[in-house]
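Working notes, beginning with the structure itself.
The values are calculated or read from the model by the stated rules, or taken from the named source; none is laboratory data. Just so it is clear, the model here is predicted, and its values are computed rather than measured. Every residue, glycine as well, gets a Cβ built from its backbone with ideal geometry; the counts of neighbours run over all protein chains shown. Remember, those area values only see protein heavy atoms, side chains included, never the ligands or the DNA or RNA. Shrake-Rupley method; radii C 1.70, N 1.55, O 1.52, S 1.80 Å.
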Amino acid sequence: MTHFHYQNGALWCEGVPLSRIADEVGTPVYVYSAAAFRDHARGFRDALSGVPRKHLAYAIKANPNIAVLRLLAAEGYGADVVSGGEMARALAAGMPARDIVFSGVGKTPAELLRGLDAGIGQFNIELEEEGVVLARLAAERGLTARAVLRVNPDVDAGTHAKISTGRKENKFGVPIDQAAAMFARLSALPGLDLQGVAIHIGSQLFDLAPLEAAYNRVKALVDELRSSGHRVTRVDLGGGLGVAYKADDRPTPPADYGAMVECVTRGWDVELMFEPGRVIAANAGVLLTRVIWVKPGVVNPYVIVDAAMNDLARPALYDAWHDFAAVQPTGERMTGNIAGPVCETGDTFAMAREIDRVASGDLAVFHSAGAYGATMASTYNSRALVPEVLVDGDRYAVVADRITPETILAAERVPEWL
Ligand code: LLP
C-alpha cells in the first residue's frame, strides 16, 4: 500500500491528493496507482527469475480496465481471459494474441471460434467435449488450436468456499485420474495441438502447501503422459497467490512462492505458465468514497458512505475485509458500522469496526480494492456504474467514465403494446 500515503495529514495516491480526485471526478470512484501495478508486476516476475522458461498471463478478471492492461502489456505480461469480452479487451490493449490464454469452464463454440480466428496462444480445455468441438472448429478452418487440458487435482486450497476451484466437487477441470486417457484421445484429433496440462486451485491462498501438493500431482501426470509417449511442453500453474487485506495478514510473499516453484518444477523441462491476478491488482487500488451521514445506531453508529455493495461486492459476497481509512484523519478513533445506501442489510462493509473518526461529508477509502472491485460492480438500485481513475506520478486520468442511470435508461425500451 506504499503508493497510497499520508502527506501533510491527507491521503495521497503517488503525487495526487485523493481530495483533488474527489473534487474533480466525484465519488464513489476507484483510484489506481500505476506505480503499484508496475511494482507488483515486476515483483512477481522477479520472484520467478529462477524459472528458465515461463510466460506470465495476467488474469484480467481481477481488473480488466484497458489502461491497466496497456500498462501490464508494457511490463511484458500477456493475459488470461475467460470470455470473448475479456479476449476483446486484451487484444484492444495491444496484447499479442499469442500471449493470451483462454480459460473458462463455459466457453461457447462462438467464443472458441473467435479465439481461433484471433490466433489465441493457448486454450485451456475444461472438458473432453470442449476439446472435441475446438478440434473440429480448428480443422474445418485448416487451423491448429494450441491447447492444454485443465485438470482438477482434488486439493483443498484452504480458502473461502466460493473461490476454491481445485476440489473434485468443484466445476473446474477434468478429474486428474481420468486425465491421461482423455489426453490420449484428444491429442489424436486433427486440429488440436495438445501441449500439456493446466491447474488453478483457488484464489487468495495464504499457504504454499496446497499449491505444492497440486503441482506434485501435476508432475506425476506429466510423467505418466510422457511414459505413454506424449510430448508435454507446457504446464500452466494458474494463479491464486493471496494478498494482505489487513495489517496483520501474512500472505506468502511472491519470493517464497517463486522459490517453491523453482524447487518443485526443477527438471520438468516445460514452459511454465502463470496466471496471477489479485497479487498484481488488489493493493494497487482503493475505492474512494464520501460519508453521507453518521447515523446513530442501537449499539454503534452507522457510517453511511456513498459507495455500496454494487460498487464493491466483496464484503457482501465473501464477508471480505477491506480496511477503511479517512482521507483526512483527525487522529481520533470511533467504533462504527460501515454501510452503503443500497436497500439491503447485506450492503454493510463492516460491523463494530474500530475506524478513524469520520463525520458527514468526510472522504474515506476502502483499501485493497484494485482487484475484483470495479469489475464486479453493477447498477443495482439504479446507481451509476462506478468510474475508475489511474494515477501515474503527479498526473491522473479518468480511465473509465461514470455510467449514469440516464445512460442505462436510454438502452431500455417500453414495447409499443404497453
Ligand atoms: N486463473 C484462473 C483459471 C482463475 O480462475 C483465476 C481466478 C485466476 C487465474 C486468478 O486468480 P488470482 O491470482 O486473482 O487469485 N472474485 C473473487 C475472486 C475470484 C477468482 C476467480 N478465479 C474475489 O473477489 O475474491
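Could you tell me which of rounded, prolate or oblate describes region 285-418, using a ≥ b ≥ c as the square roots of the eigenvalues of the alpha-carbon gyration tensor, with rounded for a/c under 1.5 and, failing that, prolate when a/b is larger than b/c and oblate otherwise? Numbers along the way, then the final one.
On the way: a/c = 2.12, a/b = 1.40, b/c = 1.51.
Since a/c reaches 1.5 but b/c is at least a/b, the shape of region 285-418 is classed as oblate.
Please state the charge dipole magnitude for region 289-346, taken about the Cα centre, from unit charges on C-beta atoms (+1 on K and R, -1 on D and E), reported in debye and rounded to the nearest 20. Before the final figure, lay out each step's value.
Details: 4 positive and 6 negative charges, 25 e Å.
It works out to roughly 120 debye.
Whole-Hz Karplus ³J(HN,Hα) for region 257-268, in order, using 6.51 cos²θ - 1.76 cosθ + 1.60 and θ = phi - 60°, x for Gly and Pro?
My calculation for region 257-268 gives 4, x, 5, 4, 4, 4, 5, 5, 9, 4, x, 5 Hz in order.
What's the angle, to the nearest 10 degrees (0 to 90), between helix 128-140's Cα axis and the longest principal axis of the chain?
Helix 128-140 sits roughly 70 degrees off the main axis of the chain.
Amide H of LYS107: which non-local residues (sequence gap of 5 or more, or other chain) have their own amide H closer than 5 Å, using H built in the peptide plane?
none
First check a/c for region 1-102, with a ≥ b ≥ c the square roots of the eigenvalues of its C-alpha gyration tensor; if it is under 1.5, answer rounded, and if not, answer prolate when a/b is larger than b/c or oblate otherwise.
Numbers: a/c = 3.35, a/b = 1.60, b/c = 2.10.
The shape class here is oblate.
Might you tell me the accessible area per residue for the chain, computed with a 1.4 Å probe and given in Å²?
Working: 17630 Å² over 418 residues.
Heavy-atom accessible area per residue stands at 42 Å².
If I build a Gaussian network model for the chain, linking alpha-carbon pairs within less than 10 angstrom, which residue out of GLY297, GLY94, GLY43 has the largest mean-square fluctuation?
It is GLY297.
Taking θ as phi - 60°, what are the ³J(HN,Hα) couplings along region 72-84 by the Karplus curve (6.51, -1.76, 1.60), each to the nearest whole Hz, with x for Gly and Pro?
6, 4, 5, 8, x, 8, x, 9, 9, 10, 10, 7, x
Report ³J(HN,Hα) in whole Hz for each residue of region 208-213, in order, from the Karplus equation J = 6.51 cos²θ - 1.76 cosθ + 1.60 where θ = phi - 60°; Gly and Pro get x.
Values per residue, Gly and Pro as x: 7, 4, x, 5, 4, 4 Hz.
Check TYR58: other-chain or 5+ apart residues with amide H under 5 Å from its amide H, H built from backbone geometry?
Correct list: GLY78, ALA79, ASP80.
Which value, in debye to the nearest 20, describes the size of the charge dipole of region 294-382 about its Cα centre when Lys and Arg Cβ atoms bear +1, Asp and Glu Cβ atoms bear -1, and nothing else is charged? Intermediate results must be reported in sequence, preceding the final value.
Details: 5 positive and 10 negative charges, 17 e Å.
Once rounded to the nearest 20, the dipole reads 80 debye.
Extending each Cα 7 Å along its Cβ direction at SER228 and ASP269, get the distance between those two points in nm, one decimal.
For SER228 paired with ASP269, the spin-label model returns 2.0 nm.
Please say if region 284-341 is rounded, prolate or oblate, where rounded means a/c under 1.5 for a ≥ b ≥ c the square roots of the C-alpha gyration tensor eigenvalues, and otherwise the choice is prolate for a/b larger than b/c and oblate otherwise? Could you put the intermediate results ahead of the total?
Details: a/c = 1.65, a/b = 1.22, b/c = 1.35.
Verdict is oblate for region 284-341.
Please report, as a whole percent, how much of the solvent-accessible surface of region 294-391 comes from carbon and sulfur atoms (probe radius 1.4 Å).
On the way: 2040 of 3920 Å².
C and S atoms contribute 52 percent here.
Suppose only helical runs count, i.e. DSSP H with n ≥ 4. What mean residue ellipticity at 222 nm does that imply for the chain under -39500 (n - 2.57) per run, divided by all residues and rounded to the nearest 500 deg cm²/dmol? Display every interim value, and only then the final one.
Details: 12 runs with 121 residues, N = 418.
Value at 222 nm, helices only, nearest 500: -8500 deg cm²/dmol.
Which one of ARG42, ARG353, ARG395 has the biggest mean-square fluctuation once the chain is modelled by GNM with Cα springs under 10 Å?
Looking only at ARG42, ARG353, ARG395, the biggest GNM fluctuation is shown by ARG395.
Under 5 Å between amide H atoms, partner at least 5 residues away or on a different chain: which partners does ASP236 have, H built in plane at 1.01 Å?
Hits under the 5 Å cutoff: VAL197, ALA198, ILE199, MET273.
Straight distance only, please: which lysines reach the Cα of LYS219 with their own Cα at less than 20 Å, same-chain residues fewer than 8 apart left out?
Reachable lysines: LYS54, LYS168.
Considering the options LEU194, ASN216, SER227, tell which one lies farthest towards the positive end of the dipole of region 126-233, charges being +1 on Lys and Arg and -1 on Asp and Glu at the Cβ, about the Cα centre.
Highest projection toward the positive end goes to LEU194.
Would you list, by chain and number, the lysines whose Cα falls below 29 Å from the Cα of LYS295, excluding same-chain residues fewer than 8 positions away?
Candidates past the 8-residue exclusion: LYS246.
Computing the accessible area with a 1.4 Å probe over protein heavy atoms, can you report the carbon and sulfur percentage for region 84-212? Walk me through the numbers on the way to the answer.
Numbers: 2790 of 5200 Å².
Percent of accessible area from carbon and sulfur atoms in region 84-212: 54.
In region 325-374, which GluC sites (Glu not before Pro) fall in coil by DSSP and have 10 or fewer other Cβ atoms within 10 Å?
Values: sites: GLU332, GLU344, GLU354; in loops: GLU332, GLU344.
Within region 325-374, the qualifying GluC sites (Glu not before Pro) (loop, at most 10 other Cβ atoms within 10 Å) are GLU332.
Taking region 73-217 as the region of interest, what is the percent of Cα-Cα pairs per 10 angstrom bin, listed from the shortest bin to the one with the maximum distance?
12, 38, 35, 14, 1
In debye, nearest 20, what is the charge dipole magnitude of the chain about its Cα centre with +1 on Lys and Arg Cβ and -1 on Asp and Glu Cβ, if you could check? Mind dumping the intermediate values first?
Details: 40 positive and 50 negative charges, 116 e Å.
Here the size comes out at about 560 debye.
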